[in-house]
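The values are calculated or read from the model by the stated rules, or taken from the named source; none is laboratory data. All values derive from a computational prediction rather than experimental measurement. Cβ placement follows ideal geometry from the backbone for every residue including glycine, while neighbour counts extend to all protein chains displayed. These area figures cover heavy atoms from the full protein model, side chains too; ligands, DNA and RNA do not enter into them. Shrake-Rupley method; radii C 1.70, N 1.55, O 1.52, S 1.80 Å.
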Amino acid sequence: MFMSGARNAKIVGLCALANFINAADRVIMPIAVVPMSEAFNWNLQVQGWLLSAFAWGYISSQVIGGKAAQKFRGKTVLLVAVTVWSAATFLTPICAEIFGLLILSRAVLGFAEGFCLPTIFHIFANNIHENERSRAFGWLVALGSVGQMLASIICPHLSWPMMFYTFGALGFMWVAVWIVFYKDDFVSNQQEDLIPPKVSFLKVDTRATVRWTSYISHRALWAIYMAHFAMNWSNYVIMTWLPTYLQRELGADPKDISLTALPYVMNSFIGVLAGYYADSLISRKQWTVLSVRRLMTSIGLLGPALFILLFCYVDNIGLAVCFVSISLGLCACNSSGHISNHADVAPSQAGVTFAVSNTLATIPGLTAGPLTAAIVEYSSTWYPVFITASGVNIVGALIYYSQSSASQIL
């Protein structure tokens, strides 16, 4: 799996399992909100604000998470983060009786989960070699999709309180495994091998303390940020509203919501394959690192743009699930594209650059709830929501292709 040995496989495996729980916990509320809205008599606008509360917490902790991983080491930061968000998940049914407390619990969940990926990016950048990073990020994204898939399959068959209790308990189990099996962050005399060569004609900021302006003053970083923003725009719309859309627009039975697991199956499968294929292109010197990043990002943004348009024009549940599955499957190629690009351009700062990127890319999460609800209620149709998401993907792909780099800048 990893040429560098079992140690790296264990690191990737444990971190991917953390992302499995991270992603699963996000899917619970979009499924639970349907029976909860019936129990508590919530309208679409109230549901929209509840679904977006997670993003408000999530966007506020990205950069904090990246810096915390640098200062306190990845093991401790990830341990605390998973403990907090698992507690927030487990306690959600208790908080549901008071809407303000429920909103707070969702924000706490988002805040704690915001530490997860920046910390993992920091761990990967300091442990995983360049020619194995695509597969590492491929497995990371794939396990996240598996978590979403299993949650989509299991949750519709549980009462809504049991959804939160089950996955909250799973998080506590991961904490115990992490404490026992993960050794502290890697320090090696050969750690320099993990860092790609600097290009002489580029100005590289190698100071121990990088100025904050450095994270927003390079076109290559902005190319990554814009691609990530575009990817998340469509992902948040689909992840947040797909169960509601299938039930209320296409007449799906509540038990048929298990079909929403199929897009995540496709995402995890293609994500791993794309990772290994991208690494093979790089290791065989068939393509440059930059060409591979651009290829995978183009597939990961333009492919979903097409299938999102097809998705919104069908009125058959089977076709709709098929198109959205292909869309999310192709989206997984981004893990070998702009997602892996962080460790190329900023190997020692990958956790922070990803935190900045994910902060900007969480803005669609803030709007996916209330804005989508407002658009649908005003226009009485979902077409503008999906057409906009497709257009944003196209713009993001064009920006990344024209402005991206694979040379170290930080």
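Output the residues belonging to the range 92-106 that are open to solvent by less than 80 Å² (accessible area, probe 1.4 Å) and either within 22 Å of SER60 (Cα to Cα) or not aliphatic (A, V, I, L, M) (or both).
If we filter the range 92-106 for residues that are open to solvent by less than 80 Å² (accessible area, probe 1.4 Å), which is where we start, we get 92-93, 95-96, 99-103, 105-106.
THR92, PRO93, CYS95, PHE99, GLY100, LEU101, LEU102, ILE103, SER105, ARG106, listed by residue number.
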Per the filter on the range 284-295, residues open to solvent by less than 60 Å² (accessible area, probe 1.4 Å) and out of contact with any His (no Cβ under 8 Å at 6 or more places or on another chain) are VAL289, LEU290, SER291, VAL292, ARG294, LEU295
So the helices (runs of 4 or more DSSP H) completely within the range 41-119 holding 3 or more residues that are touching a Ser or Thr at 6+ places or on another chain (Cβ under 8 Å) and more than 22 Å from LEU371 (Cβ to Cβ) are 62-72, 74-90
Yes or no: LEU371 open to solvent by 10 Å² or more (accessible area, probe 1.4 Å), part of a helix (DSSP H, G or I), in contact with a Ser or Thr (Cβ under 8 Å, 6 or more places away or on another chain) and at negative phi? no
Within the range 396-406, restricting to residues that are open to solvent by less than 30 Å² (accessible area, probe 1.4 Å) and farther than 15 Å from ALA361 by Cα, the one that is modelled with the lowest pLDDT is ALA406
A careful count of residues in the range 251-283 that are among the hydrophobic types (A, V, I, L, M, F, W, C), open to solvent by 30 Å² or more (accessible area, probe 1.4 Å) and under 17 Å from ASN316 (Cβ atoms) gives 2
Residue hits (the range 283-293; at pLDDT 90 or above and either touching a Gly at 6+ places or on another chain (Cβ under 8 Å) or not hydroxyl-bearing (Ser, Thr, Tyr) (or both)) are TRP287, VAL289, LEU290, VAL292, ARG293
Hey, any hits in the range 338-348 for a residue that's small (Gly, Ala, Ser), touching a residue at least 40 places away in the same chain (Cβ under 8 Å) and assigned to a helix (DSSP H, G or I)?
yes
message: in contact with a Leu (Cβ under 9 Å, 6 or more places away or on another chain), of a type in the set (Val, Ile, Thr) and either open to solvent by 10 Å² or more (accessible area, probe 1.4 Å) or at pLDDT below 95 (or both): is that true of VAL314 in this structure?
response: yes
Out of curiosity, is ALA176 assigned to a helix (DSSP H, G or I), modelled with pLDDT of 90 or more and open to solvent by 30 Å² or more (accessible area, probe 1.4 Å)? yes
Counting only residues in the range 374-395 that are open to solvent by 70 Å² or more (accessible area, probe 1.4 Å) and hydroxyl-bearing (Ser, Thr, Tyr), the one farthest from THR213 (Cα to Cα) is identified as SER380
Restricted to the range 38-61 and to residues being open to solvent by less than 10 Å² (accessible area, probe 1.4 Å) and either farther than 26 Å from TRP174 by Cβ or out of contact with any helix residue (DSSP H, G or I) (no Cβ under 6 Å at 6 or more places or on another chain) (or both), the residue modelled with the highest pLDDT is LEU50
The residue from LEU301, LEU410, LEU366, LEU328 that alone is open to solvent by less than 40 Å² (accessible area, probe 1.4 Å) and not in a helix (DSSP H, G or I) is LEU410
